[in-house]
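J.: The structure that follows is given in the form of structure tokens.
The values are calculated or read from the model by the stated rules, or taken from the named source; none is laboratory data. Source: prediction; values computed, not measured. Heads up, the Cβs are rebuilt from the backbone with ideal geometry, glycines too, and the neighbour counts pull from every protein chain shown.
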Amino acid sequence: MKKQRIVLSYLLLILTSLPLFNLKAQNPIIQTMYTADPAPLVHNDTLFLYVGHDEKDAPANGYLMRDYQLFSTTDMVNWTAHKTPLRTSDFSWSVGDASAAQCIYRNNKLYWYISSMNKFFPGVAVGVASAETPYGPFKDNLGKALVTNDMTRHAKHAWDDLDPTVFIDDDGQAYLYWGNGACYWAKLNNDMISLNGTISALDAKDKAMFGPGFTEAPWIYKRNGLYYMIYASGFPESLHYTVSKNPTGPWEYKGCIMPLEKGSNTNHPGVVDYKGNSYFFYHNDALPGGHSYCRSVCVEQFAYNKDGSILQMKMTNEGITKGVGTLNPYKRTEAETIAWSEGVIIEENEEVGVYVTSIHNGDYIKVRDVDFGNKGASRFSVSVSSRYHGGTIEIRLDGIEGELIGSLQVPYTGEWDNWILKETTIKNTKGVHDIYFVFKGREPHALFNFDYWLFSE
């Protein structure tokens, strides 16, 4: 009997701690879909995150990736989803698999380098698309692949042309790096869509250069005159780094940055400095239902040692505990601006763009560091639609069961594409708070769709 009481107490402790875990969790940073292969880019004071998209119905033994997705932040804790900027169907030569990619800014354009299986020549190929803005739409520049499998012979398998990354040096020279089983590199011309010279290969098994060996996923950047290459090693993969005083080498192995953890067979780095801090992006399988082919992007803040070395870091659930800005609630905010959520997903259409859907009783969205100022907000409005019986949006402060400052009733609107504006009064709210939109209503149908929200005085 004593043993039973101990077991029951332990289970109760676990169950009661779950809401607390959710309150603190920031990783994975996207909960509305499975994401992988993060590629951060800072442009005009915004951090854009380009990611691969693992479809939720991916099999347990293979990838199902048809498009790339885009998220952005200005505070490192709230992430806004944008319309799908690029699909493999935009490349006439692609079979349809969306392997790892990176986007970079140059010449007043965004250039997005992708890898995908080539329908016209056996093996994986590297292609490039461009756009006038970070949001796209992106278009294939060449109508063919930039790098095909017959151009690279150092590795003998058909998938050695994976995971392109691009680096632009201080002298304006751009370099393309990529590979699986071999690390290829080549110079790019100023047009960013053609190679300048020959393709070179680094020996993946060179211990002085790559320690335990280079598998794939290179990420190149420069800091204080030193060139860094972060890459995946082994399989399942851990993340390591090597450095050089020249973008073409020789490279010197420095150590493991992130050891093998948490289920996913693969990992993929992305490193960026933003608003005075350094951030390390990666992926794992931490979301519910996740596995090696349904992955999720995470981020950790880190710092360099005085000699430029990088300490080994672990995957965390907490992620970024302190943001680098606040959110203005008096501007229209897309419902898909999310610090944390449970239950909901996002979809898009031509009328409203991206919106939150699949909302059921008990689901919620958390938005961090919302600054209501000294005067405070007294009204709340939303754009919503409902095909069935609607539901309620509870607005709570600083927790799922935190102070209730107001509730908004969402009515039946006729169809999912019949959007209406609804407004309600709330308790005057001042200062900086985390906001929880907690959704209530009847089962079993989805309650409503949620497009955007706005507070007012």
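J.: So which residues in the range 417-456 are of a type in the set (Lys, Arg) and in a strand (DSSP E or B), if there are any at all? Explain how you work it out, then say what you get.
T.: Going through the range 417-456, the residues of a type in the set (Lys, Arg) turn out to be 422, 427, 430, 440, 442.
Correct list: Lys422, Lys427, Lys440.
J.: Is it the case that the range 141-157 has a residue that's under 30 Å from Ile345 (Cβ atoms) and buried (at least 17 other Cβ atoms within 10 Å of the Cβ)?
T.: Within the range 141-157, the subset under 30 Å from Ile345 (Cβ atoms) is none.
No, the range 141-157 contains no residue that is under 30 Å from Ile345 (Cβ atoms) and buried (at least 17 other Cβ atoms within 10 Å of the Cβ).
J.: Taking the condition part of a loop (DSSP other than H, G, I, E, B) and in contact with a helix residue (DSSP H, G or I) (Cβ under 9 Å, 6 or more places away or on another chain), does Met65 pass? Even if it seems obvious, please write down each step before you answer.
T.: Working: part of a loop (DSSP other than H, G, I, E, B): yes; in contact with a helix residue (DSSP H, G or I) (Cβ under 9 Å, 6 or more places away or on another chain): yes.
Spelling it out, Met65 is indeed part of a loop (DSSP other than H, G, I, E, B) and in contact with a helix residue (DSSP H, G or I) (Cβ under 9 Å, 6 or more places away or on another chain).
J.: A further question on this structure: Would you mention how many residues in the range 284-326 are of a type in the set (S, T, N, Q) and surrounded by 14 or more Cβ atoms within 10 Å (Cβ to Cβ)? I'd like the intermediate steps shown before the answer.
T.: Taking the range 284-326 first, the residues of a type in the set (S, T, N, Q) are 284, 292, 296, 301, 305, 309, 312, 316-317, 321, 326.
Next cut, surrounded by 14 or more Cβ atoms within 10 Å (Cβ to Cβ) only: 284, 292, 296, 301, 316, 326.
Looking only at that region, the number is 6.
J.: Given the range 76-172, what strands (runs of 3 or more DSSP E) lie entirely inside it while holding 3 or more residues that are of a type outside the set (Asp, Glu) and over 30 Å from Gln26 (Cα atoms)? Lay out the reasoning, then the answer.
T.: Details: elements: 79-81, 99-106, 109-117, 124-131, 165-168.
Per the criteria, 109-117, 124-131.
J.: Residue by residue through the range 282-296, note down the ones that are closer than 20 Å to Tyr231 by Cβ, assigned to a loop (DSSP other than H, G, I, E, B) and among the aromatic types (Phe, Trp, Tyr).
T.: Within the range 282-296, no residue meets the criteria.
J.: Scan the range 353-390 for residues that are farther than 22 Å from Ile420 by Cβ and acidic (Asp, Glu) and jot them down.
T.: Answer for the range 353-390, where residues must be farther than 22 Å from Ile420 by Cβ and acidic (Asp, Glu): Asp369, Asp371.
J.: Which ones in the range 211-232 are more than 21 Å from Asn305 (Cβ to Cβ) and either surrounded by 14 or more Cβ atoms within 10 Å (Cβ to Cβ) or at pLDDT below 95 (or both)? Step through it out loud before you land on a result.
T.: Let us first name the residues in the range 211-232 that are more than 21 Å from Asn305 (Cβ to Cβ), namely 212-218, 232.
Selection gives Gly213, Phe214, Thr215, Glu216, Ala217, Pro218, Ala232.
J.: Any chance you could count how many residues in the range 248-281 are over 18 Å from Ala25 (Cα atoms), of a type outside the set (Gly, Ala, Ser) and assigned to a strand (DSSP E or B)? Step through it out loud before you land on a result.
T.: To start, the set of residues in the range 248-281 that are over 18 Å from Ala25 (Cα atoms) comprises 248-260, 263-278.
So of that shortlist, the ones also of a type outside the set (Gly, Ala, Ser) come out as 248, 250-254, 256-260, 265-269, 271-275, 277.
This time we only want the ones that are assigned to a strand (DSSP E or B), so: 252-254, 256-258, 271-274, 277.
Summing the residues that are over 18 Å from Ala25 (Cα atoms), of a type outside the set (Gly, Ala, Ser) and assigned to a strand (DSSP E or B) in the range 248-281 gives 11.
Rundown of residues vs (1) in contact with a Phe, Trp or Tyr (Cβ under 9 Å, 6 or more places away or on another chain); (2) of a type outside the set (D, E, K, R); (3) within 21 Å of Thr337 (Cβ to Cβ); (4) crowded, with 18+ Cβ neighbours inside 10 Å, yes/no style:
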site	(1), (2), (3), (4)
Ala39	yes, yes, yes, yes
Leu47	yes, yes, yes, yes
Gly52	yes, yes, no, yes
Glu55	yes, no, no, no
Asn61	yes, yes, no, no
Arg66	no, no, no, no
Ser72	yes, yes, yes, yes
Asn78	no, yes, yes, yes
Ala81	yes, yes, yes, yes
